[in-house]
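> So that we are looking at the same thing, I have put the structure below in structure tokens.
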Amino acid sequence: MNWENIKAQMITFLQNEVSKIGLNNVVVGISGGLDSAIVSTLCKEAFGENFHGILMPSHLSSDSSIKDAKELCEKFNISHEIVEIAPMVQGYFNSVKDATPLRIGNFSARMRMSVLYDISARENAIVVGTSNKSEILLGYGTLFGDTACAINPIAQLYKSDAFEFAKYLGIPDSIINKKPSADLWEGQSDEEELGYSYKTMDDVLKQLIDENKTKDDLLKQGVDEELIDMVEYRVKANAFKSKPAIIAQINF
């Protein structure tokens with residue numbers, strides 16, 4: 001891929017869309033993961049000192065998350081602040097006895113987005129999203145959590161391609177080489193939870209979505225039927241996450 005051209009398009013998109021809104025400042029939640037690192041690097045180049053990164057660790061975050069996020073900010077001279085969300089999360093779940101890791105993780109994601117939007121109001125800024133195309137199609141994100149944003153420069157970038165793009169951008173190896181994780185709970189791994197690598201799932205997604213191939217086409221190639229069924233199910237079942245709320249059409 002022509003990453004120079006793709007980068008230029010993304011930066012132009014960011015600058016144009018923020019300009020249309022009539023604001024100058026943007027904020028991004030920096031998790032220490034690949035996607036937020038890519039978006040942060042793009043925003044730094046697009047907006048300079050008008051970009052502000054927010055690090056939001058919780059008591060469930062891995063030790064490497066905050067360390068890697070700080071390394072990114074230091075390398076690219078990104079203005080940032082740290083907001084601990086543990087008190088918010090624990091304040092609610094201290095009185096909840098049957099909470100599952102998934103519920104706590106989703107709640108944490110929504111607390112992070114609440115913090116981002118409050119800071120965006122303080123800074124008169126726009127919240128820039130960090131969800132990639134694979135996550136969006138598979139519904140692998142928290143509604144009103146990490147999927148919430150005003151604009152998103154990487155929504156057409158598949159996760160498996162993001163690694164190469166990150167190398168082009170000069171993102172630290174500590175971020176590129178670690179397992180993809182939403183960091184919703186200790187030891188959580190995207191690919192272990194989904195059951196397949198992003199490369200494997202993206203190969204199916206690209207053919208089904210971008211090339212309009214059918215399940216039969218993929219089966220003829222020897223693609224595992226269980227994998228195809230999983231991908232098709234997730235795309236269909238989670239399509240609502242990337243659409244506006246359904247509004248009743250009433251005849252008065």
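Read-outs throughout are calculated quantities, based only on the coordinates presented, and are distinct from any laboratory measurement. Keep in mind it's a predicted model, so treat the numbers as computed, not measured. Neighbour counts run over all protein chains shown; Cβ positions are idealised from the backbone, glycine included.
> Please give the Cα centre distance for the range 148-170 versus the range 203-236, rounded to the nearest Å.
What the calculation gives is 22 Å, centre to centre.
> How big is the gap, in Å, between the Cα center of the range 9-57 and the Cα center of the range 67-101?
19 Å
> For the chain, list the DSSP H helices whose alpha carbon atoms reach 30 Å or more along the long axis and whose average Kyte-Doolittle value is -1.0 or above?
Span-like helices, by this rule, are 101-123.
> Applying 1/(1 + (r/R0)^6) with R0 = 51 Å to the Cβ-Cβ distance of Gln90 and Asn212, what FRET efficiency is obtained, to the nearest 0.05?
The computed FRET efficiency comes out at 0.60.
> Given H placed 1.01 Å from N in the peptide plane, which residues other than close sequence neighbours of Ile151 have an amide H under 5 Å from its amide H?
Those lying under 5 Å, H to H, from Ile151 are Gly129.
> Let me have the 222 nm mean residue ellipticity of the chain computed from DSSP H runs of 4+ only, each contributing -39500 (n - 2.57), with the sum over all residues rounded to the nearest 500.
On the way: 12 runs with 130 residues, N = 252.
-15500 deg cm²/dmol, from helical runs alone.
> While we're here: When we measure straight from the Cα of Lys199, which lysines land under 21 angstrom away, once same-chain ones fewer than 8 places off are left out?
Hits, sequence-local ones excluded: Lys133, Lys159, Lys167, Lys178, Lys179, Lys213, Lys215, Lys220, Lys236.
> Would you pull out the residues with amide H under 5 Å of Ile126's amide H, same chain only if 5 or more places away, H placed 1.01 Å from N?
Those qualifying (amide H under 5 Å, at least 5 residues apart or on another chain) are Asn25, Val26, Val27.
> Could you give the length gained on full extension between Lys97 and Gln156, defined as 0.36 nm per residue of separation minus the Cα-Cα distance, in nm?
Contour length minus Cα-Cα distance gives 17.3 nm.
> If you project the alpha carbons of the range 127-252 onto their three principal axes, what span does each projection cover, largest first, in Å?
Extents along the principal axes, in whole Å: 60, 43, 29.
> Please report Rg (one decimal) and Dmax (integer) in Å for the Cα set of the range 192-241.
Cα-based Rg and Dmax for the range 192-241 come out at 10.5, 31 Å.
> I need the shape label for the range 1-62. Rule: rounded when a/c is under 1.5, else prolate if a/b > b/c, else oblate, with a, b, c from the alpha carbon gyration tensor.
oblate
> Related question: Please list, or write none, the aspartates and glutamates whose alpha carbon is within less than 16 Å of the alpha carbon of Lys75, excluding same-chain residues fewer than 8 places away.
Glu45, Glu49, Asp173
> Among (1) 18.0; (2) 19.2; (3) 21.6, which one is Kirkwood radius over Cα pairs in Å computed from these coordinates?
(2)
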